[in-house]
Amino acid sequence: MIIRPATIMNATEQMAKASKLINEGTLTIVVQKNGKYFGILSDKTLRTVQYQQDAKIEKYALKAPAIKQYDNMEKMAELFIEGYRELPVIEGDSVVGMIRNTDVLNELLDGDKISPMKLEEVMKVPVEKMGIKESVAKAAAFMRKEKKHHILITDNGKNVTIISSADILPFMQKVKTKAPMGREKNGANTILLQTIVGSTPKLISISPSASLREASKLMIRNSVSALLVEGEGKTGILTIVDIIKTSMPKHEVIIEIVGLDEDDKKNKQDIYNEILNFASSFEMIMPIEFVRLNIKKYSATGKRHKYSMKMVVTGKTTFEVSSNGWKIFSVLKDILREAERKIKEEKDRIKGKKNKNKKLKSISIQIQEGDLYPGKPMK
């Protein structure tokens, strides 16, 4: 994959210089501190936050993820998932360039690796909508709670644009600056989504019957990371990450289900499908190679029976989860929920992000309403 040259600035340089570069056409500035990667400053940040020309750029830099030079396509897709357009490529402590999300699509197109699937088979539904007069804090809280990275913004019922997690990041930071005209600094709960709309790409629509190749070319041509899929009575959202994930080769998951009696064997295919969907949903986090579900059924009073399940999951690590209850699919749901927790916990352990209470940290923005202002000093 071609790595683009990076525009690099030191964290102590002034915003006046950074804004000049961005006004001249630079989309993303890579910020370094003490010779190491520190964060990024994008054109979106400059368009959406108030800043002082003589302030150090480290006050406004976003702590975005970085791509390691030899990361595979799956890893890149995971890093772009929040809606970043460009991310730095690093080798050791050094920044060696930038990769744009559309560069990944170009690579797949050139290699004829884009799936022939129709958009209606891939698009995310239902489409989550929010009015332009809603607050940034409300949008961020919703995206965190519902684990969404893109939502559709409307104005009096008319579709306006699609915003991503990355679009609202600048509003989640605090900066010690004076508000213009002596006004008080506004918290993210009082800043409206219409503030973001002017800095987001125009809304591009495409038919559900279009192919992923057609959608890829449309994204590249218009430099957008998400499309509104609508028509034929269907509506959805398609992102670059959706295309990348769909185009990656899938490894086969071996699923064993044992212990079902004759009465419950009719449920075997549905149980298999539930486990397969679960395994597929974590393809990007921890590819699962083997799942073994052991089911035991116990007689109770009258005609009621109790189910006990134990599931062994093997991927980058191996773990076991168990549960019991009166309804077979309720117990299965509990088992899969616990397995999801284990997988995310393992991901956080690898990244060193487990908190004191051993609870998972959300990769989205956490909000304490009334305590957030545009900008936040980097630590």
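So, in the stretch 89-111, exactly how many residues are in contact (Cβ under 8 Å) with a residue 24 or more places away in the chain, assigned to a helix (DSSP H, G or I) and more than 22 Å from the chain's Cα centre (by Cα)?
Number of matching residues: 1.
Can you list residue pairs whose Cβ atoms sit under 6 Å apart, with the first residue in the stretch 48-60 being more than 19 Å from L193 (Cα to Cα) and the second being at pLDDT below 90 and among the hydrophobic types (A, V, I, L, M, F, W, C)? Count only pairs 6 or more apart in sequence or on different chains.
Hits for this filter: E58/M378; K59/V175.
So which residues in the stretch 262-286 are over 16 Å from R337 (Cα atoms) and either of a type in the set (G, A, S) or exposed (fewer than 15 other Cβ atoms within 10 Å of the Cβ) (or both), if there are any at all?
Listed by number, the residues that qualify are E262, D263, K265, K266, K268, Q269, D270.
Among the candidates K36, K118, which residue alone is basic (K, R), crowded, with 17+ Cβ neighbours inside 10 Å and at pLDDT 90 or above?
Exactly one of K36, K118 is basic (K, R), crowded, with 17+ Cβ neighbours inside 10 Å and at pLDDT 90 or above, namely K118.
Sort through S225, S207, S211, S199 and tell me the only one that's of a type in the set (S, T, Y), surrounded by 20 or more Cβ atoms within 10 Å (Cβ to Cβ) and on the phi < 0 side of the Ramachandran plot.
On inspection, the qualifying residue turns out to be S225.
When L79 is evaluated against the numbered criteria (1) under 22 Å from I8 (Cβ atoms); (2) touching a helix residue (DSSP H, G or I) at 6+ places or on another chain (Cβ under 9 Å), which criterion, by number, is the only one it fails?
With respect to (1) under 22 Å from I8 (Cβ atoms); (2) touching a helix residue (DSSP H, G or I) at 6+ places or on another chain (Cβ under 9 Å), L79 is out only on (2).
Would you be able to say whether some residue in the stretch 285-306 is among the polar types (S, T, N, Q), part of a strand (DSSP E or B) and free of Cβ contacts under 8 Å to residues at least 12 places away in the same chain?
yes
The values are calculated or read from the model by the stated rules, or taken from the named source; none is laboratory data. Predicted model only: the values in this text are computed from it and were never measured. All Cβ positions, even for glycine, are placed from backbone atoms using ideal geometry, and neighbour counts span all protein chains on display.
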